[in-house]
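Beneath this line is the structure, given in structure tokens, with notes to follow.
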Amino acid sequence: AQTVTQSQPEMSVQEAETVTLSCTYDTSESDYYLFWYKQPPSRQMILVIRQEAYKQQNATENRFSVNFQKAAKSFSLKISDSQLGDAAMYFCAYRSARGNDMRFGAGTRLTVKP
Amino acid sequence: DTGVSQNPRHKITKRGQNVTFRCDPISEHNRLYWYRQTLGQGPEFLTYFQNEAQLEKSRLLSDRFSAERPKGSFSTLEIQRTEQGDSAMYLCASSYRDRDQETQYFGPGTRLLVL
């Protein structure tokens, strides 16, 4: 069974600085998708970034980028120029290309200090 | 607002009562998912529909849980004879799958408290 592990329950960053959130996963499949979702307090979960496993190039979305290491089964999220609005729970998620359900990690709570 | 909506947003009930939640997906999305999220954890998959067909159910979905998606539009999740362990956030997500390309969009959730 596929599992997703986020080893950092909490992280903090100074406003305008850069922070990296870690995620590792376990799978025997070669074709899959990885996601980072953001869940602000009392608000709904929104997609931050996605990565297709068959793509070697790391995905980027404005200030958000990933470091996808397929052999190491690692998928970290880098947030540059952190803003107060980035404070939230961040969930890493995995979906097999053949499957339908997403597997989520336990989340990392990010605090941004002004 | 064309996002995923869920009602009610909060529900408090007594143990043993039945509750029903509703999810309205994004209109052009053919797939709909239900997840459960307990405090301090990530969402856990419960079930999913493609159009009106319920195609997959998690082992987490006990016999007390039932989900429907009549006509392939909105969906309902019913919990019968609620237990305190059912207290959680119930999330709905919808998507449109084109080949293997798919992104799930989440609703705000229904927070259930069973007393």
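What is the dipole size for the range A:1-67, taken about its Cα centre, with +1 at each Lys and Arg Cβ and -1 at each Asp and Glu Cβ, in debye to the nearest 20?
Computed about the Cα centre, the dipole is about 200 debye.
In whole angstrom, note down how far apart the Cα centers of the range B:18-77 and the range A:64-82 are.
Between the Cα centres of the range B:18-77 and the range A:64-82 lies a distance of 30 Å.
Show B:Glu102, A:Glu15, B:Glu52 ordered by accessible area, largest first, where the area counts protein heavy atoms only and the probe is 1.4 Å.
B:Glu52, A:Glu15, B:Glu102
Counting only protein heavy atoms and a 1.4 Å probe, tell me what percentage of chain B's accessible area is made up of carbon and sulfur.
Within chain B, the accessible surface is 44 percent carbon and sulfur.
Put a dot 7 Å past each Cα toward the Cβ at A:Leu47 and B:Glu52; how far apart are the dots in nm?
Once both label points are built, they end up 2.8 nm from each other.
Have a look at B:Ala53, B:Ala93, B:Ala67 and tell me which one the Gaussian network model of chain B (Cα, springs below 10 Å) gives the largest fluctuation.
Maximum fluctuation in the GNM of chain B, among the listed residues, is at B:Ala53.
As an exercise, find the ratio Rg/Rh for the range B:40-108 from alpha-carbon atoms, using the Kirkwood inverse-distance average for Rh.
0.96
With no solvent and one point per C-alpha, what does the Debye sum give as log10 I(q)/I(0) for chain A at q = 0.09, 0.12, 0.16, 0.17 Å⁻¹?
Results for chain A at q = 0.09, 0.12, 0.16, 0.17 Å⁻¹ read -0.22, -0.38, -0.68, -0.76.
Explain nothing, just the number: dipole magnitude of chain A about its Cα centre with +1 on each Lys and Arg Cβ and -1 on each Asp and Glu Cβ, in debye rounded to the nearest 20.
With only Lys, Arg, Asp and Glu charged at Cβ, the dipole is about 140 debye.
How much accessible surface does B:Ser5 have with a 1.4 Å probe, in Å² rounded to 10?
50 Å²
Could you compute how much accessible area chains B and A hide from each other, both sides summed, with a 1.4 Å probe? Nearest 100 Å² is fine.
Heavy-atom accessible area buried at this interface is about 1700 Å².
For chain B, place one equal point scatterer on every Cα, skip the solvent, and apply the Debye formula. What is log10 of I(q)/I(0) at q = 0.15 Å⁻¹?
-0.60
Leaving out ligands and nucleic acids, and using a 1.4 Å probe, what accessible area per residue does the range A:1-97 come to in Å²?
Per-residue value: 49 Å².
Counting only the heavy atoms of the protein chains, how much of B:Ser87 is accessible to a 1.4 Å probe, in Å² to the nearest 10?
Its accessible surface works out to 40 Å², give or take rounding.
Taking the alpha-carbon distance from A:Lys55 and a cut-off under 20 Å, which lysines remain once sequence neighbours fewer than 8 residues away in the same chain are dropped?
In chain and number order, the partners are A:Lys70, A:Lys73, A:Lys78.
At 1.4 Å probe size, with every protein chain present, just tell me what the per residue accessible area of chain B comes to in Å².
53 Å²
So what does log10 I(q)/I(0) come out to for the protein assembly as shown at q = 0.09 Å⁻¹, using the Debye formula with one equal point on every Cα and no solvent?
Log10 of I(q)/I(0), two decimals: -0.37.
Could you report the accessible area of A:Thr24 in Å², rounded to 10, computed with a 1.4 Å probe on the protein chains as they sit in the structure?
Answer for A:Thr24: close to 60 Å² accessible.
Keeping all protein chains in place and using 1.4 angstrom, which order do A:Ser42, B:Ser58 fall into by accessible surface area, from largest down?
These residues rank, largest area first, as A:Ser42, B:Ser58.
Looking at chain B as a GNM with Cα springs under 10 Å, which of B:Leu61, B:Leu32, B:Leu77 has the largest mean-square fluctuation?
In this elastic network of chain B, the residue with the biggest mean-square fluctuation among B:Leu61, B:Leu32, B:Leu77 is B:Leu61.
With unit charges on the beta carbon (Lys/Arg positive, Asp/Glu negative), name the residue among A:Met11, A:Thr60, A:Ile79 whose Cα is farthest towards the positive pole of the charge dipole of chain A.
A:Thr60
Hey, got the dipole for chain B? About the Cα centre, +1 on K and R Cβ, -1 on D and E Cβ, debye to the nearest 20?
Magnitude of the dipole: close to 460 debye.
Could you work out what % of the accessible surface of chain A is carbon and sulfur, using a 1.4 angstrom probe and leaving DNA, RNA and ligands out of the count?
Answer for chain A is 44 percent, counting heavy atoms of protein chains only.
Give the relative contact order (percent, whole number) for chain A; include only Cα pairs under 8 Å separated by 6+ residues.
Taking the mean separation of contacting Cα pairs over the length of chain A, I get 37 percent.
The values are calculated or read from the model by the stated rules, or taken from the named source; none is laboratory data. Here the structure is a predicted model, which means the values were calculated and not measured. Here Cβ is always computed from backbone atoms with ideal geometry, including for glycine, and neighbour counts include all displayed protein chains. Surface accessibility is based on the protein's heavy atoms, side chains included, excluding ligands, DNA and RNA. Shrake-Rupley method; radii C 1.70, N 1.55, O 1.52, S 1.80 Å.
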